[in-house]
Amino acid sequence: MEMEIELLEIRDFIAQNHPFDLLSKELLNNLTQNLEIRYIRRGECFPPKGATAPFMYIIRTGAIELRDSENKLVNKIAEGDIYTSSCQLLKFNESSCHMALEDCLIYQFPCSYLKTLFEQSAEFKHQFEDDLRQRLQRAAKYSNAEVDVGVASMTVEVGELIKKIPVTLEVSASIQQAAQIMSEFNVSSIMLTENEKLSGILTDRDLRRRCVAKALDVSLPVSQIMSSNIISMRSDDLVLHALMMMTKTNINHLPIIDDGKIIGMLTATDLTRHNSSNPVFITSQIRKSHSVDELIKYTEKLPELQLLLANSNISARHVGETISCITDVLTIRLIELAQEEIGTEPVPFVWVAGGSQARHEQSSHSDQDNALILSDDVTQEQMPYFHELAKRVCDGLDACGFMYCPGDAMATNKKWCQPYEVWAEYFTGWINKPEPMALMLSSIFFDLRAVHGDFSLHKKLHKKILGMTANNSLFIAHMVSNALKHRPPVGFFRTFVLIHDGKHDNTFDIKHSGIVPITDVARVLALAEGINKVNTTERLIALSNTKSLSSDMVDNLKDALEFIANLRIRHQAKQIRENKPADNFMPPDSLSSLERKHLKDSFAIIKDIQDTLERRYKMP
């Protein structure tokens with residue numbers, strides 16, 4: 001009887017640890033009856049010498065350090081950890097002897113029995129067969145919630161809505177030929193090409209207004225009535241992006257083009273049909289608003305929208321894109337409302353977003369980061385106009401839930417409302433003489449993205465910045481040093497290093513410990529390579545197989561980012577459900593054992609790339 005109680009206690013301990021929690025009670029009972037108990041004293045070799053067969057080990061008590069063939073410390077394992085190298089499941093570069101740091105009690109069972117468990121539990125087998133990337137991908141897609149079809153429809157990629165082959169015609173064809181093709185294929189628009197490149201589009205409305213209404217000769221070239229000012233999107237853009245673009249520009253036809261190749265035409269009818277089950281489009285409501293009070297009414301729905309998105313099995317990346325797109329439209333509407341009262345701009349300008357909004361990684365509880373880049377033609381007498389514009393827009397954003405930046409990185413700060421040449425001088429100084437202030441501002445101003453106005457002002461500035469940062473080893477070294485200030489909160493014994501400050505006691509900051517380090521790495525290396533992307537995932541993709549990052553490391557970082565960001569979104573969703581302020585402080589106890597394991601895997605990936613960058617860009 002005493003033996004049975006002891007075995008039950010051992011079984012219950014094993015069942016608490018992943019992946020053994022995936023086994024049925026019957027398989028756990030069999031496992032417990034097949035294991036052996038070993039005791040290793042401090043200083044002795046591990047695995048134990050004299051084993052007659054390869055074993056898998058579970059650490060019950062104590063700690064063991066693992067070293068590679070060059071005697072370099074690679075990891076430490078402790079209570080609840082498993083060691084499977086003897087079964088050739090993990091690819092350790094083994095030394096002749098790992099070492100017990102403390103007296104250890106371990107459970108062992110033959111690798112041959114592990115294979116038996118594989119045959120009886122496919123889910124258990126997957127945890128060993130999957131590589132790190134596959135485990136994180138599986139984890140990132142995991143969700144207990146039902147999919148909200150209406151909300152999910154907004155974050156579908158537009159390519160999934162393109163069902164028809166693109167209907168095209170040479171731009172040299174006649175108006176009559178274009179009309180005949182449109183009738184034959186029963187389409188409301190046709191794409192006109194020159195040397196297989198899109199040159200213009202023709203719609204039913206163009207035919208009515210520019211041809212029939214003016215009694216134009218239908219034998220004339222179609223180029224005379226086509227629309228040549230083309231707005232297009234990529235197939236991997238979100239449906240929400242397309243809706244915003246059509247609403248903002250008042251168009252009903254949107255060519256979809258990938259790297260110069262015509263994929264198809266997205267129409268307003270396609271969007272209406274696709275989103276028929278969607279209860280509301282906050283974006284459309286914002287565009288129709290006539291006052292800040294109306295905007296407040298609609299943006300109050302953003303936390304609820306974030307909750308719905310989190311419950312709809314939508315990727316963290318798409319959640320961030322959705323919130324950021326809505327913030328863009330809100331910003332544009334605030335600018336338009338301000339200009340209805342204070343008049344049009346005296347000189348060209350561009351409103352730029354910084355930080356998470358610029359990267360399309362925003363949540364509904366973000367603060368605002370923004371600036372104004374003005375034409376060099378601006379005079380001192382005209383500056384009060386832009387100061388007033390900035391005040392109205394930033395006040396409006398704050399009223400709508402996007403609070404003022406604590407560091408005052410906003411267009412209302414006169415330092416960040418300047419002509420192009422002043423901005424160019426700012427960046428020249430920051431890059432050539434990197435100082436603490438410049439490094440502190442890097443997470444905001446090295447991620448700028450144009451939102452409204454004369455985009456060429458930002459494009460010219462961004463090109464200049466990349467020209468100065470690419471291959472600038474001194475600047476990049478300083479940026480790397482700054483980026484390494486945010487470290488994953490994991491100790492050597494694979495436990496989370498927690499905050500102990502009273503307010504957020506026994507938590508860790510998942511944003512600054514997990515998301516920010518990846519964002520910082522992507523930014524630094526994108527600047528080093530002269531890559532013009534701003535979104536973190538897009539930066540990582542562009543960095544693949546460059547001298548900065550291998551494709552494997554890029555894949556691992558992308559999956560780690562998605563998993564960590566998913567945890568953050570679900571954490572904030574829980575707080576929103578409970579009517580609590582959403583934050584980034586996560587208690588480890590709120591995670592399942594499986595989530596803790598995947599999070600530690602993600603943190604290990606971050607630590608590896610940080611260690612690599614620290615060695616590569618070691619400051620003199």
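Readers should treat all values here as calculations from the given coordinates under stated rules, not as data from a laboratory. Bear in mind that the values here come from a model prediction, so they are computed numbers and not experimental data. Cβ atoms come from the backbone with ideal geometry, glycine included; neighbour counts cover every protein chain shown.
Rounded to the nearest angstrom and ordered from largest down, what semi-axes does the equivalent ellipsoid of segment 470-620 get from its C-alpha gyration tensor (root of 5λ)? Write out the running numbers ahead of the final one.
Details: eigenvalues 166, 53, 41 Å².
After diagonalising the Cα gyration tensor, the semi-axes are 29, 16, 14 Å.
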*Give the total of Lys-Lys pairs in segment 156-274 with Cα-Cα distances below 28 Å; include a pair only if its members are 8 or more places apart or on different chains.*
9
_Cα-based Rg / Dmax (Å) for segment 156-274_ = 13.9, 43
*Lys and Arg at +1, Asp and Glu at -1: add these up for the other residues within a Cβ distance under 12 Å of VAL319 and post the number.*
0
_Nothing charged except the Cβ atoms of Lys and Arg (+1) and of Asp and Glu (-1): what's the magnitude of the dipole of the chain about its Cα centre? Round to the nearest 20 debye._
720
*Starting from the amide H of CYS405, placed 1.01 Å from N in the peptide plane, find each other amide H under 5 Å away whose residue is 5 or more places distant or on another chain.*
GLN368
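Taking the alpha carbon gyration tensor of segment 318-418, what are the square roots of 5 times its eigenvalues, largest first, to the nearest whole Å? List each step's numbers first, then the result.
Numbers: eigenvalues 110, 36, 29 Å².
Sorted largest first and rounded, they come to 23, 13, 12 Å.
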*Report, in degrees rounded to the nearest 10, the 0 to 90 angle that the Cα long axis of helix 2-15 makes with the longest principal axis of the chain.*
20
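Quick check on segment 527-592: take the gyration tensor over C-alpha atoms, sort the square-rooted eigenvalues as a ≥ b ≥ c, and tell me if it's rounded (a/c under 1.5), prolate or oblate.
Values: a/c = 4.11, a/b = 2.40, b/c = 1.72.
Verdict is prolate for segment 527-592.
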*Gain on full stretching of the segment that runs from GLN380 to GLU170 - 0.36 nm per residue minus C-alpha separation*: 70.5 nm
*Taking the convex hull of the Cα atoms, report for segment 433-492 its projected area averaged over all directions, in nm².*
5.9
*Where a ≥ b ≥ c are the square roots of the eigenvalues of the C-alpha gyration tensor, would you call segment 396-546 rounded, which needs a/c under 1.5, or, failing that, prolate if a/b is larger than b/c, or oblate?*
oblate
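Would you calculate a helix-derived [θ] at 222 nm for the chain, using -39,500 (n - 2.57) for each DSSP H run of n ≥ 4 and dividing by the full residue count, to the nearest 500? Walk me through the numbers before you get to the answer.
Details: 23 runs with 279 residues, N = 620.
Mean residue ellipticity, 222 nm, calculated: -14000 deg cm²/dmol.
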*Ranked by Cβ crowding within 10 angstrom, fewest neighbours first, how are TYR420, TYR113 ordered?*
TYR113, TYR420
*If the cut-off is 17 Å between C-alpha atoms, which aspartates and glutamates fall inside it for LYS460, apart from same-chain ones fewer than 8 positions away?*
ASP376, ASP377, GLU421, GLU425, ASP447
*If you rank SER235, SER69 by fewest surrounding Cβ atoms within 10 Å, what's the result?*
SER69, SER235
*By how many degrees, 0 to 90 and rounded to 10, does the Cα axis of helix 473-483 deviate from the longest principal axis of the chain?*
70
*Starting at the first residue of segment 250-263, write each ³J(HN,Hα) from the Karplus equation 6.51 cos²θ - 1.76 cosθ + 1.60 with θ = phi - 60°, in whole Hz, x for Gly and Pro.*
6, 10, 10, 10, 10, x, 10, 10, 10, 6, x, 8, 6, 9
*Which of the aspartates and glutamates could a cross-linker bridge to LYS558, judged by Cα under 15 Å and excluding same-chain residues fewer than eight apart?*
ASP131, GLU361, ASP520, GLU538, ASP601, ASP608
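Counting other C-beta atoms within 10 Å, which of THR203, THR168 has the fewest, and how do the rest follow? Can you show the working numbers first?
Working: THR203 22, THR168 17.
Arranged by neighbour count, lowest to highest, THR203, THR168 become THR168, THR203.
Roughly how compact is the chain, stated as its Cα Rg over 2.2 N^0.38 Å to two decimals? Present the calculation step by step, with values, prior to reporting the outcome.
Working: Rg = 29.0 Å, N = 620, 2.2 N^0.38 = 25.3 Å.
Normalised Rg, Cα atoms only: 1.15.
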*Once label points are set 7 Å from the Cα along Cα→Cβ at both SER284 and ALA213, what is their separation, rounded to one decimal in nm?*
2.5
